[in-house]
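Encoded as structure tokens, the structure appears first; notes follow it.
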Amino acid sequence: MTITPVELRHVKLRRSLLGYGRRATDRLLADVVASYEDVWRERADLQDEVERLQEDVGRFCDLERLLRDTLMSAERSADELRAQAHREHEVLVQEARVKAREIVTEAETQRERLRAEVRRLERARTEMRVGYRMFLQAALERLEDDVEGQEAPGQAA
């Protein structure tokens, strides 16, 4: 059973002939009450401090849980971003490969067109040379015939 300081103040000790002296007992009782009051106040202060610290611990536990949840959420987001970046990378690489194939195919097609054009131009040049040669030979033959025709009347004169 707990006795409060107020209860101790109201305690009356019995008096007897051979018992303790009244002044000494009263002084002792006053010292006990004062000491007990100090302890009682300190206990109350400590109880208040314990309650405040328990509230702090509760807030810190909530804060820790919030931080842990935030960290886990950030890690999940980072993992999702890495996965998305990897997927986008793969898509870009595939698109680049397709574009490269298209460019190579177009370049090969253009190369074949140019080769065909070169062959056509070479044939045209050859045909033109043959035509010029034939024209020049025909012109030369006419000139020779004209020259021979002019010499013949002059020889007869």
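The values are calculated or read from the model by the stated rules, or taken from the named source; none is laboratory data. Since the structure is predicted, the reported quantities are computational estimates derived from the model, not experimental observations. Neighbour counts run over all protein chains shown; Cβ positions are idealised from the backbone, glycine included.
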Answer with yes or no whether residue 24 is exposed (fewer than 10 other Cβ atoms within 10 Å of the Cβ) and of a type in the set (A, V, I, L, M).
yes
Please state which one of 104, 33, 6 is without any contact (Cβ under 8 Å) to a residue 40 or more places away in the chain, touching a Lys or Arg at 6+ places or on another chain (Cβ under 6 Å), assigned to a helix (DSSP H, G or I) and of a type outside the set (D, E, K, R).
33
Name, by its number, the condition in (1) under 60 Å from the mean Cα position of the chain (by Cα); (2) surrounded by fewer than 10 Cβ atoms within 10 Å (Cβ to Cβ) that does not hold for residue 17.
(1)
Of the residues 63, 29, 67, only one is of a type outside the set (Phe, Trp, Tyr), closer than 30 Å to residue 5 by Cα and either surrounded by 11 or more Cβ atoms within 10 Å (Cβ to Cβ) or at pLDDT 95 or above (or both); which?
29
What are the residues in the stretch 21-71 that are over 60 Å from the mean Cα position of the chain (by Cα) and hydroxyl-bearing (Ser, Thr, Tyr), if any?
25, 35, 36
Go through the residues of the stretch 128-135 one by one and say whether even a single one is hydroxyl-bearing (Ser, Thr, Tyr), modelled with pLDDT of 95 or more, at negative phi and surrounded by 10 or more Cβ atoms within 10 Å (Cβ to Cβ).
no
